[in-house]
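**Student:** Here it is: the structure, laid out below.
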Amino acid sequence: MADSFQPKWSQARRIVSLVPSWTEALFSLGLGDRVVGVTEWCIHPADRVATLPKVGGTKTPSVSQIIALDPALVIANREENPKRVVTELQDAGIEVWVTYPRTVRDGVTVLRELARLGASSAAIEEVVAPCERACEQALKQLEADGRAQPVRVFCPIWKKPWMAVGGDTYASDLLHLCGGDNVFANRDDRRYPIVEDSDIVAAAPEVVLLPDEPYAFGARDAAALSELPIPAARDQRIQLIDGTLISWYGPRIARAIQTIQDMLQRQ
C-alpha cells in the first residue's frame, strides 16, 4: 500500500497532508503555500499550520472535509492513516500518495521525493542533503564498527500497558543505525509488543529512552523504571527524549541520528 512518487504530482497546487512529519517537511522545503489542509496532529511549524483547516486526527480524518478542500493530492501514511480513508478518497477521484518508510533510508528517500513536488535546489541542499549525508555516515560507521557490541535499548511508546517499539518499525531501524540493539525487536506477536516489568528486567536494557509522544513519558515514569534491576537503572541511563526524534521522518532525520548516537555511546 506504499506508492512511489508519480511525476504528475509535481503539478499539485493544493495538498492535504495527513502525516505530521511530511507536513513539516513540505514547509521546510518551501512548499507550504501549497498545503491547504492538515490533521490536528500536524503541529510543526506551529506558526504556519495554526491557521490551516484541520481535517481530524491522523487515525480519524474526515473524508468529507478533505474532499471539500478540493485537493489535487493527499499525502498519507500506511501506518498512521486508515486504509478505509485512502480507499474512499481514491474512489472520489482524488490522488493519494501513500508513504510507508520503515527504515531511516526509506525516510530519506521519501523526503527527496517530496522535494520533487517543486522544491528549489537551495531548499534541497539545505533540507534533504544533510539527512542523506547523516544516514550514509551512520551506515558507514555501523560497517566500520563491525563486530562491536551494540548497546541494548528499551524504547516504549505507551504505558499501562507498556508497549515497546517492535522490530519492523522506523524507530527500531533508527536505534539500530545509531548503534543500538532494540531489546524487543524480535518479538513477532505485534509491531508494538505489549511487555511487562518482568519482560523489561529479562531484556536487561543498558539504555532506556522515554519519548514524549505518543505517550507523554515524564519524570515519574523514569523514576519507576529506575526501581527495576536493569543495567540502565544501575548506570543512570534512563533518558527522557523528544519523541519526534524517534518517530518523525523528514527534516529531523539528521538531528535525530546525531542525538540518538550520542545517547547510545557505550560508557
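Every number here is computed from the coordinates shown, using simple stated rules; none is lab data. Everything numeric in this text was worked out from a predicted model, so none of it was measured. Ideal geometry is used to build each Cβ from the backbone, glycine not excepted, and the neighbour counts take in all protein chains shown.
**Student:** Of all alpha-carbon pairs in the range 7-100, indicate the percentage at a distance above 18 angstrom.
**Tutor:** When all Cα pairs of the range 7-100 are counted, 35 percent exceed 18 Å.
**Student:** Efficiency by 1/(1 + (r/R0)^6): what FRET value for Leu240 and Asp199, r their Cβ-Cβ distance, R0 = 22 Å, to the nearest 0.05? Before the final figure, lay out each step's value.
**Tutor:** Values: r = 21 Å, r/R0 = 0.97.
With a Förster radius of 22 Å, E is 0.55.
**Student:** Using only the Cα atoms, what convex hull volume per residue in Å³ does the range 147-263 have? Write out the running numbers ahead of the final one.
**Tutor:** On the way: hull volume 11.9 nm³, N = 117.
It comes to 102 Å³ per residue, whole-number rounded.
**Student:** Shifting gears a bit: Arranged by the count of other C-beta atoms within 10 angstrom, fewest first, what order do Thr39, Thr87, Thr259, Thr58 take?
**Tutor:** Thr87, Thr259, Thr58, Thr39
**Student:** Another question, then. Classify the range 213-267 as rounded, prolate or oblate, taking a ≥ b ≥ c as the square roots of the eigenvalues of its Cα gyration tensor: rounded when a/c is under 1.5, otherwise prolate if a/b is larger than b/c and oblate if not.
**Tutor:** Verdict is oblate for the range 213-267.
**Student:** Another one. Using a cut-off of 13 Å between alpha-carbon atoms, which aspartates and glutamates can reach Lys59, once sequence neighbours fewer than 8 places away in the same chain are excluded?
**Tutor:** Glu40, Glu79, Glu80
**Student:** If the reach is capped at under 16 angstrom between alpha carbons, list the aspartates and glutamates near Lys83, excluding any in the same chain fewer than eight residues apart.
**Tutor:** Output for Lys83: Asp3, Asp91, Glu95.
**Student:** Determine the gain in length on full extension of the stretch Arg84-Leu139; use 0.36 nm per residue of separation and subtract their C-alpha separation, reporting nm with one decimal.
**Tutor:** Full extension of this stretch gives 16.2 nm more.
**Student:** So what are the three principal axis dimensions of the range 83-214 from its Cα atoms, in whole Å, longest to shortest?
**Tutor:** Between the extreme Cα coordinates on each principal axis of the range 83-214 lie 49, 41, 24 Å.
**Student:** For Rg/Rh (Cα atoms, Kirkwood Rh), the choices are (1) 1.21; (2) 0.99; (3) 0.95; which was calculated from the structure?
**Tutor:** Only one listed value fits the structure, namely (2).
**Student:** Using modelled amide H (1.01 Å from N, peptide plane; none on Pro or chain starts), what sits under 5 Å from the amide H of Asp181, excluding residues fewer than 5 places away?
**Tutor:** When sequence neighbours closer than 5 places are left aside, the close amide H contacts are Val151, Arg152, Val153.
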